[in-house]
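Here's the structure, in structure tokens; my notes come after.
The values are calculated or read from the model by the stated rules, or taken from the named source; none is laboratory data. Predicted model, so just to flag it, every value in this text is computed and none were measured. Neighbour counts run over all protein chains shown; Cβ positions are idealised from the backbone, glycine included. To get the accessible areas, we keep the full protein, side chains included, count just its heavy atoms, and leave off ligands, DNA and RNA. Shrake-Rupley method; radii C 1.70, N 1.55, O 1.52, S 1.80 Å.
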Amino acid sequence: MSDIIHLLPDSVANQIAAGEVIQRPASVLKELVENAIDAGATAIKILIRNAGKDLIQVSDNGCGMSETDARMAFERHSTSKINEANDLFSLRTLGFRGEALASIAAVAQVELRTRRSNDEIGTMIEIAASRVFRQESVQCAAGTVFQVKNLFFNVPARRRFLKSDNVERNHLLQEFYRIALVYPQIEFEYYDNETLVYQLVSTNIKGRIEAIFAKSQKKKWEQQLLTVETNSTLVNIRGFAGKPEFAQRAANQYFFVNGRFMRHPYFHRAVMMAYERLLQPNDNPNYFIYFEIAPETIDINIHPTKTEIKFENETAIFSILTAAIKEALGKFHVAPPLDFDTEGAPQFSVNSQRNLTEIRPPQVQFNPTYNPFSTKNSYKRDFDNWEKLYSGFENEQKRDENSDFSDKIFEENILQDIKNQQFKNLFQLKNRFIIVGSESGLFIIDQHRALVRILFDKIMSQMIENQIHSQQVMFPEEISFSVADLLIFDDCRQELEKSGFIFSKINDNTFAVNAIPAILNISSVEHLLEKIIDEQKNAPQKTAENLHETIALSLATSAAIKAGKMLTEEEMTDIVERLFNCQNRTYSPDGKPITNIIYFNEIEKRF
Ligand code: ADP
Ligand code: MG
């Protein structure tokens, strides 16, 4: 028998690699513009025709290429940017894999014109489906012009997979923003079918944000952007956060790390936490946050299409970010009365895991030999110098190192008090908070979040034990999915059915919802499914556990009584008791604080 293993011809290997790097016109644009930036361009011109399906052209005034380099550039793994693996740790360029041009040339017709400023004459290359058709000397401006025509002309299946023109145009613009927002000093022109859509002059970051976004929204962007800035040994964070009143349904939210765009659902939560209670439901704030961080503390081997980046110190950065945004929002002025932040500029210890808005007691002298556990409930502070407790409170900068510990003890005391008094001092504030009075102070519970936590825990345990109850619906709702969402729905369907849904297929992308989890009392599940699919799309890890949590959280959130419902005393008691039975009663499953304490001495101090 003859041997059966053989090397794929380069053209085929390149086409396979292209599948990874080049998924749509926007990926081509990204690679070409990044190359132009790496080439030191100060002005970049972009021309798009027919949503990039017919033409994507990028011209730059960068360093250009020699005749040989121009040819070499299209070879796989050919790069001028790194020489050895170690260089990866001191990357100064956006590209480094040497794959992009080879991939683009494998699936499109490419024309390159390039000249170095010191060369008399430039080079022109025509290449299509990895085959060079022409290379000759030409007269051309210093710099480089890439024309990428008829993307996927030789891979019809991929071409068919492209979305509608408007969706692809939207992707192109998004990709453009992600780069233009990081390089405000570079001039950009962006033409879409001969129309000049953007002419961006050299400016600073704020100016660039305004130039890009002020166009579509008449509101004054200048007034709406609040400066965010914080420097710590871990990370430097700069950027802008939009004022809450400018929040909108479809907001512009951008994270960049060391000059690259990234997606980071967890840090997004950190930002949203700072906006807590400042937004109308369904409104999202605009933000543009730039992280500068030691490259060795983030996942360096960035895949060209991968926008999620792993950080070594995520929890600490989470806290720093929340505090930085809060500071920018001047939360001390605009916050509603239940926000008890009293400290000045935020201070952090790296291993601080606490990220909720917490009460900062004044610096207190502790008696180090005192054992709080020796006699229960008799814990007292050293009140010998009690007047000192309150002096200089306004200038209080540093959180008492022992206060985490004392919080715990106070909380225990309060819980004990609550138990002993059998919830006598219980009332509801503005239909949103349940307040439990006790000897040691006031225990405040966000009722909606408490319910989300209770239901989430319940649903999770029922899911694990396969005990979820379904309820048939009289008139099954029909839900249609887009091709892309359908893929994700397929992934989730089994788990959704475990959690109480029953679907039947009507046609390729339409399903009927025949039953829903009994816990839900909502009329339409379309929005809920959309949310679950959306979460799953952005989920950093697509594990079954992660999916369970997403589903449980969505169900819990939908089923929980919304903030604003009046509760009877019985209902309040029920919620409080159930909350205390939850393992984690401090945070809701999506990371928001559920409870807050005002200590008796805090109250005393106000008099
Ligand atoms: P990478 O950017 O990862 O090095 P690419 O395939 O994108 O790989 O590009 C290959 C090489 O071609 C680059 O390393 C660079 O030397 C050269 N090159 C690409 N685009 C340009 C440009 N616009 N100006 C000058 N040189 C370029
Ligand atoms: Mg590149």
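Before moving on, here are some points about what is shown:
- Any hit, region 121-142, residues being under 30 Å from residue 295 (Cβ atoms) and either within 12 Å of ligand 1 (Cβ to nearest atom) or under 30 Å from the mean Cα position of the chain (by Cα) (or both): no
- Residue in region 3-14 that is modelled with pLDDT under 95, farther than 29 Å from residue 292 by Cα and in contact with a strand residue (DSSP E or B) (Cβ under 9 Å, 6 or more places away or on another chain) present: yes
- Check on residue 601, over 23 Å from residue 269 (Cβ atoms), modelled with pLDDT under 80 and among the polar types (S, T, N, Q): no
This table checks each residue for (1) touching a helix residue (DSSP H, G or I) at 6+ places or on another chain (Cβ under 7 Å); (2) loosely packed, with under 13 Cβ neighbours inside 10 Å; (3) modelled with pLDDT under 85.
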| residue | (1), (2), (3) |
| --- | --- |
| 450 | yes, no, no |
| 483 | no, yes, yes |
| 486 | no, no, yes |
| 503 | yes, no, no |
| 515 | no, no, no |
| 524 | no, yes, yes |
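- Checklist (1) among the hydroxyl-bearing types (Ser, Thr, Tyr); (2) within 16 Å of ligand 2 (Cβ to nearest atom); (3) closer than 11 Å to residue 70 by Cβ applied to residue 103, failing item: (3)
- Across region 29-62, the number of residues qualifying as open to solvent by less than 20 Å² (accessible area, probe 1.4 Å) and in a loop (DSSP other than H, G, I, E, B) comes to 2.
- Residues within region 152-169 that are under 22 Å from residue 76 (Cα atoms) and touching a helix residue (DSSP H, G or I) at 6+ places or on another chain (Cβ under 6 Å), tallied: 1
- Any strands (runs of 3 or more DSSP E) falling wholly within region 66-182 and containing at least 3 residues that are buried (at least 17 other Cβ atoms within 10 Å of the Cβ) and touching a Gly at 6+ places or on another chain (Cβ under 7 Å): 109-115
- Residue check, residue 21 touching a residue at least 12 places away in the same chain (Cβ under 8 Å), within 23 Å of residue 204 (Cα to Cα) and within 11 Å of ligand 1 (Cβ to nearest atom): no
- Taken over region 578-607, the criterion of being closer than 19 Å to residue 461 by Cα, touching a residue at least 24 places away in the same chain (Cβ under 8 Å) and open to solvent by 70 Å² or more (accessible area, probe 1.4 Å) is satisfied by 578, 583.
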